[in-house]
Each structure stands twice: as structure tokens, then as C-alpha cells.
Amino acid sequence: MRSNRRPDVVPAEGGDMQNRTRRVWSVATIAALAAAALAATPAYAAPNNNSVKKLTKAVTVEGVLDHLEALQDIADEHGDRAAGRDGYEASVDYVVEQLQGAGYTPEVQEFEFPYFEENSELIRVSPIPTTFVNGIDFLRNTFDSGTPEGTATGALRPVDLVIPAAALPANSNTSGCEAADFAGFTPGAIALMQRGTCGFAVKALNAQAAGATGVIIMNEGQPGRTGLLNMIGDATGLTIPAVFVTSAVGENLASTPGATVTVTVEFTAETRVAYNVIAETATGNDANTVMAGAHLDSVQDGAGINDNGSGSAALLETAIQMQKVKPNNTVRFAWWGAEEEGLLGSEYYVEQLTEAEIAQIALYVNFDMIGSPNYMFGVYDGDNSSGTAQPGFIPPGSAEIEDVFEGFYESRGLPYQDTEFSGRSDYGPFIAVGIPAGGLFTGAEGVKTADEAALYGGVIGASYDPCYHQFCDNLRGDGQNVALYDQLRLDYDLVGNVNVFALDVNADAVATAVITFAYDTSTVNGVRVPGKSHGAGKSADAFKNRFQS
């Protein structure tokens, strides 16, 4: 940022960055990045894309897909692009390099965050080999006295189970509560016990005393006692791995004679660093700054191509194509880190702002998952017409931001719908301090309805993004549900987990909103900066006509 630079936000090149030993550039040194960016700059002069019409023509889906290909290559090399890992640092490097090549002076903001990596496993080795899903089928123990790590493989030995338990009174099972329950227990086996009258720690310690090398405790099985629970209690002295499973998984394991299972409890919990990338236009009114952002990180073990390579790539291409624009208002672009850990990058950024700096931000627009394969065109509900937000939750001016996106879709003759303005993505920290916000979203784990399929096509009853937070959110198509994605391809052009049409349309929507507010925010906050409007209208009624200017 040109003015009011925070001491913890440092340039992406120069002596300050070279002295930061905690930041390791994984693509190249800063000097090499700058040289590569310069070499990559086209010989011809970049056009001045200073209107909606010019900018949306310049921001092509091919350009956005090129950025997604680069992010996929990073994930292929490093395994994922999750915050705190090498793939995220390489993603930061890529964005910085591209911005430098377009003439920006990007800055990298470092922040610490609680890094957590879960590698616990529950596997039935034989018969019918099955790998159960952490967080859905099982949870590792979280005893108050500590969480013993380790791995154990052995024969499964049920201990005084009652299956089915649905007809029994709740909290009536005594499985593993007494030493006598383990009479004849084979040392080295894995004990399978059932929730009931005594604590989880009692059961685990009794199993260890009987010679068990691992512990599985299943929920009891009555209505309301079937899902996952955290294993708590004082298990001082426990040294063997222990996990809790749903009643369904427990019954599945117990019904398999002669089963051999592996129980692994392994995790990493430590403090690591992540980064935000910030870049802004060289000209414009700093006192009326327009911000546009997208989170750059993926979940662990995934490329994160739709979530949120799609938003990051469209924002990056918009910034590149605006390199010659001289807006009335300063435009500040942001790529956030550790969003998947809880909006941590955007929260950190906003927390570092002074009240005066907050007052200088006219609005914030957010782009998170804008190319979902089974998409809908969702616009954050800035006027709360769907009634999903609490009174007073939405800052004034957010409705007018929503109007811009709606006007864009209407100008294209395309359907759109409200999407919940819940603070779930990186606009949350901005609206929390009263900054008006808006943005786009094409759907995550939610399910497409028949009415939506009539508007957009696609598969009724399937998630908007069937690969949400999974490995198959990639550009290659690896790991996808083949039958479902073949069905989606009957309606759509897909590249891996990205709907090309939705991405193409929304890349233009990103460009439209950014260039519109770059010249005029008066409908949002009443501020009109002297200068050419380039098609920016004074009212919501003018939005439809504005997009051809």
C-alpha cells in the first residue's frame, strides 16, 4: 500500500524481505522473481482497460484458466496449497510474480496462526479392507490428560457389546467398565467397546491393563446416541491409541468375524506462519479505497482449484488487465491466507487497521468459489431480502453492491439468486467493522434444487460442488465421481472441477464490479470523486445500461 503502511506489511522485494528469515520464497529469490516477471512482460503496450466493456473483453476465461493451471502445477509438486505448507508459499510466489510483471508493487503480510494437521487413521485391514473417514466415521481421543499418539494393528476383540442397542435404556451399557469384562482377552488385540455407564477414560485404561494395544469405543446406538463424540476425561497413564466411532461403524466392525484393524493417532499442532498478498493501483483516492479479495489457500491434501483457485485467479487476471487504469478511487487487491483455518488472514488484516484506515475503505467485494461444476449464480444478499441475516448485521451500502452484481447478470440475460450473507467467507471481518461488502458464490456442499436446475441446468439433488473440500477439487479430474461428472458434462463444459461457463461469466462479473467501483462508489457511500466515470452510473436504475459503456 502506498500510504499508511503497517510495520508488519512488507514489500515483496527489497532489503526488508531479505532480512525476514521466517519467510522462504519457494519458487525463486526475490531478485529472480523480478527478473522473470520483467522477461515475461509482453513487448506491446498493455491497453488502458478503463471501462466495463474494455475490461470484461480483456479478462478472458483462457487467462483465468492459465492461472488455475499454474496453481494446479503447484499442488502437483507440493501435494496441496494449504496455509502453513510449501504449496501455499509457492502460490504466494506465483501471485507476487504475476503482479510484479503487471507493474504492481505487491506486499506480503505475514501472520502467525495455529497450524493443525490430522493424520489419524482407522482401517479394517481384513477381511473387506476399509479405510474409515476421519471426522465422519471416527475421531481420535482428546482426553483431558493428553492425547496418546501411536499406531497399533491387531485382531479386533469386541468387549461385552449389546447390538442392536436401540431398545435398551440410554446410558445402560457396561462394556469395558469392569476388569471382568476382559476375561480371556487376547493381549495385543484391539478392544472394541461401547459407550455407556462409565467414562471413556475408564474403558480405555481397563483395556490397556488387559493387554490391548489399541482402543475403539463406539457410540451406544440408541436414538440420539449414534454419532461422533470427543473422548474426554482423565486418562492419565494411557499410552495406546484410542478412537471413538459412530454406532454404525462399531456395528460394522463387530459384525465382521476375524477382523484385523489398524488404529493410528497422529497429529501436528503448532504455530506456523501464513501470508496475505496485497497490491493496489498506483493512482486513486486513498481516502476512498475500493478493496477486492479472494482467499488463496486450499484445504489440506487438495489443490483447491474451485475453492478458491477460481476466485483468486479471476481477481489476479482482473488486476493484471487493470495495470494501465488510472481510477478515481484507489483499488486494493488482496489474496488472503488461512481462510480455510477460519478467515484468519482477512481477520488479521482488518485487526491491524486503525480506525482511520478502516474509514478509508469504501467497500469490500469478495470472490470465493465462482466456478462450481453444478453451479448457481449466487450474489451475497446485501439487502437481506431473503431474511437470513440478523437485524443490523449488514452494513449500509451492501445492498447497493448487490445491485451492481444483479445488474451485471441482468445485462447478460442470465439468472441469479440471493446467497446467504452470513460472514462465512473473507468479507466477514470487513462487515464486522462496518465496511459495506458484497460478492459472488456458486455453491459448495449445498444441494441443487429442481427450480435451480430449471434455471441453470445441472444435476438435481447433487451438490453445487461435489468435490468441496476434497482431493478431487482439481483441474485434472482425479478422484471424481465418474458417473456424476459424466452426467454434469451433458449440460456443461468442465475442466476438472471447474465449470468453464460459470467461471467465464463470473470473471466478467468480478471485472465489472471492480472497475465500476474504481470510478464511482457514490451509490454505496455517497462519495463521488472528481474524474471520468467511464460508465459508472449514479443510481441502481442505471446499472443495466452502464455495462455497454
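The values are calculated or read from the model by the stated rules, or taken from the named source; none is laboratory data. Since the structure is predicted, the reported quantities are computational estimates derived from the model, not experimental observations. Reconstructed Cβ throughout: ideal geometry from the backbone, glycine too, with neighbour counts over all protein chains shown.
A few notes on this one:
- Within the stretch 206-215, the set of residues being crowded, with 22+ Cβ neighbours inside 10 Å and in contact with a Phe, Trp or Tyr (Cβ under 8 Å, 6 or more places away or on another chain) comprises Asn206, Ala207, Ala212.
- Residue selected from the stretch 471-510 under the condition assigned to a helix (DSSP H, G or I) and touching an Asp or Glu at 6+ places or on another chain (Cβ under 8 Å), by the criterion nearest to Leu65 (Cα to Cα): Val500
- Restricting the stretch 410-441 to residues that are over 15 Å from the mean Cα position of the chain (by Cα) and of a type in the set (D, E, K, R), the residue that is surrounded by the most Cβ atoms within 10 Å (Cβ to Cβ): Asp418
- Flag if Ala444 is part of a loop (DSSP other than H, G, I, E, B) and within 30 Å of Leu363 (Cα to Cα): yes
- In summary, Gly221 fulfils each of the numbered conditions (1) part of a loop (DSSP other than H, G, I, E, B); (2) surrounded by 19 or more Cβ atoms within 10 Å (Cβ to Cβ); (3) at negative phi with the single exception of condition (3).
- Odd one out for Leu488, checked against (1) closer than 28 Å to Gly79 by Cα; (2) over 22 Å from the mean Cα position of the chain (by Cα); (3) loosely packed, with under 15 Cβ neighbours inside 10 Å: (3)
- Among the residues of the stretch 226-235, some residue qualifies, meaning at least one is without any contact (Cβ under 8 Å) to a residue 40 or more places away in the chain, surrounded by fewer than 21 Cβ atoms within 10 Å (Cβ to Cβ), under 17 Å from Ser255 (Cβ atoms) and of a type in the set (Val, Ile, Thr).
- Count of the stretch 298-327 residues which are over 13 Å from Ser91 (Cβ atoms) and polar (S, T, N, Q): 6
- Lys203 passes every criterion in (1) surrounded by fewer than 17 Cβ atoms within 10 Å (Cβ to Cβ); (2) not in a loop (DSSP other than H, G, I, E, B) apart from (1).
- Cβ-Cβ contacts under 6 Å between residues 6 or more apart (or on different chains), taken from a first residue in the stretch 510-532 that is assigned by TED's automatic domain parsing to the domain that holds Ile358 to a second residue that is polar (S, T, N, Q) and assigned to a loop (DSSP other than H, G, I, E, B), are listed as Tyr519/Asn328; Tyr519/Ser533; Asp520/Ser533; Val527/Thr521; Val529/Asn328; Gly531/Asn328.
- Residue selected from the stretch 257-268 under the condition modelled with pLDDT of 95 or more and surrounded by fewer than 23 Cβ atoms within 10 Å (Cβ to Cβ), by the criterion farthest from the chain's Cα centre (by Cα): Gly258
- Applying the criterion of at least 3 residues that are among the aromatic types (Phe, Trp, Tyr) and in contact (Cβ under 8 Å) with a residue 40 or more places away in the chain to the helices (runs of 4 or more DSSP H) found wholly in the stretch 345-437 leaves 398-411.
For every residue, the table says whether it meets (1) in the same structural domain as Lys203 (by TED's automatic domain parsing); (2) acidic (Asp, Glu); (3) modelled with pLDDT of 95 or more.
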residue: Gln72; (1), (2), (3): no, no, yes
residue: His78; (1), (2), (3): no, no, yes
residue: Asp86; (1), (2), (3): no, yes, yes
residue: Leu139; (1), (2), (3): yes, no, yes
residue: Pro148; (1), (2), (3): yes, no, yes
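- Residue within the stretch 150-159 that is over 28 Å from Asp80 (Cα atoms) and touching an Asp or Glu at 6+ places or on another chain (Cβ under 7 Å) present: yes
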